[in-house]
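Working notes, structure below.
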Amino acid sequence: MLRQFRRCDVDFKLIVDASVVLAETPIWDERVGLYWTDLFEGTIHCFDPKTGEETKVETNELIGSAVPCETEGKVMAMLETGLYVVDMKTGEKELIVNPEPDRDDNRFNDSRCDAKGRVFASSVAKAYGTDAYTPDMLGNFYMIDTDNTVTTLVEGINQYNAIVFDAKNENMFVVDTYNQTLIRFAYDLEKGPISEGEVVIKFDDMPDGMSIDTEDNLYVCHWNGNITVWNSKMELIEKIEFPVGYVCCGGFAGEDMKDFYVATSKYCLDETHEDVKKGAGGIFVAKSNVAGRKDYYYKH
């Protein structure tokens, strides 16, 4: 059995003791460091592993993700009201497009770019995860093309997370958190998705973020204290126990792309909870035996 981590060797260390309610989307930019986001506070963080220093920008909106731009020092941020380019030095926000201008009850969630610079993003009800949420509060899954044309790929979703592409750009994978499944779209780099989504994995518990390594293994974070690893045949090859329960999203980083950073949450946990004492709401890191693949930059 192929294993990326041997469980006895896993040693996740708390590297950013942020203690936020919900940290998300650790994405590597070798020019500046590790970006990650604070969903509820709406902040974009940039952590330098060499110095331990961190800078942040307040967006004053709920934030789903922040992806580095080809222009150093700028990020593509999927904020509550649409897709923005944010200058990390000045904090200036430039609105690119809002796929849902008339949906104040929704916010935008996770997003990623493909190799051509297209943006894929989902929307979700702001009430999701609260007692006020009902299953008829729906969002959509969008593709925003390089000319900012918006295409609705899937209508009427509850919550999608995590968009990754395989090494040949022949498949795009998306986590359907609400229905606890992994969805695969056949992909053409010149056209985008060329098939409807197909369920290829049914999980036993709630999945959240996902990342991919150079061997096309998928690392899926779960809100029950573990990370599952699946090979290209959609076979489970590893289950990694994690120090805290709410595991949000992982991302590969570092010069060799073998530093595996993981964002976590302390959502609805009391400050006396054992997970909060261990660092829930912060960023953890461990060493992988296999290098990860970088996320694509936004072309702006």
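Note down the net charge around Lys93, summing +1 for each Lys or Arg and -1 for each Asp or Glu among other residues with Cβ under 15 Å from its Cβ.
Numbers: positive: Lys56, Lys74, Lys89; negative: Glu58, Glu61, Glu80, Asp87, Glu92, Glu94.
Result for the local shell: -3.
Compared with the direct C-alpha span, the chain from Met137 to Asp105 gains 10.6 nm at full extension, assuming 0.36 nm per residue.
Based on the alpha-carbon gyration tensor of segment 194-234, what equivalent-ellipsoid semi-axes (square roots of 5 times the eigenvalues) come out, in whole Å, largest first? So the equivalent ellipsoid measures 18, 14, 9 Å along its semi-axes. Stokes-Einstein diffusion coefficient for segment 71-155 at 20 °C in a medium of 1.002 mPa s, Rh from the Kirkwood formula over Cα pairs: what value in µm²/s? Taking Rh from Cα pairs, D becomes 157 µm²/s.
Compute the distance from the alpha-carbon center of segment 13-48 to that of segment 56-87, in whole Å. Segment 13-48 and segment 56-87 have Cα centres separated by 12 Å. Remark: spin-label model distance Cys268-Glu30 equals 4.2 nm, labels positioned 7 Å along the Cα→Cβ axis. Centre-to-centre separation between the Cα atoms of segment 199-232 and those of segment 238-300: 13 Å.
Annotation for Met206 and Lys89: the two label points, set 7 Å from Cα along the Cα-Cβ direction, are 4.1 nm apart. Measuring nothing but how far apart in sequence close Cα pairs (under 8 Å, 6+ apart) lie, relative to its length, segment 1-159 scores a relative contact order of 12 percent. Each residue, Glu198 and Lys13, gets one label point 7 Å from its Cα in the Cβ direction; the gap between the two is 4.3 nm. A straight line joining the Cα centroids of segment 151-190 and segment 106-148 runs 11 Å. Projected onto its three principal axes, the C-alpha set of segment 1-116 covers 51, 33, 33 Å, listed from the longest axis down. Each eigenvalue of the Cα gyration tensor of the chain, multiplied by 5 and square-rooted, gives one semi-axis; in descending order these are 25, 22, 20 Å.
Quick one: compute the contact order of the chain, relative version, from alpha carbon pairs under 8 angstrom and 6+ residues apart, as a percent. Don't skip to the answer; put the middle values down first.
On the way: 828 pairs, mean separation 57.9, N = 300.
With pairs under 8 Å counted, the relative contact order is 19 percent.
Laboratory data are not the source of any read-out in this text; all were calculated from the coordinates shown. These figures come from a predicted structure and were not determined experimentally. Every residue, glycine among them, receives a Cβ derived from its backbone with ideal geometry; neighbour counts consider all protein chains shown.
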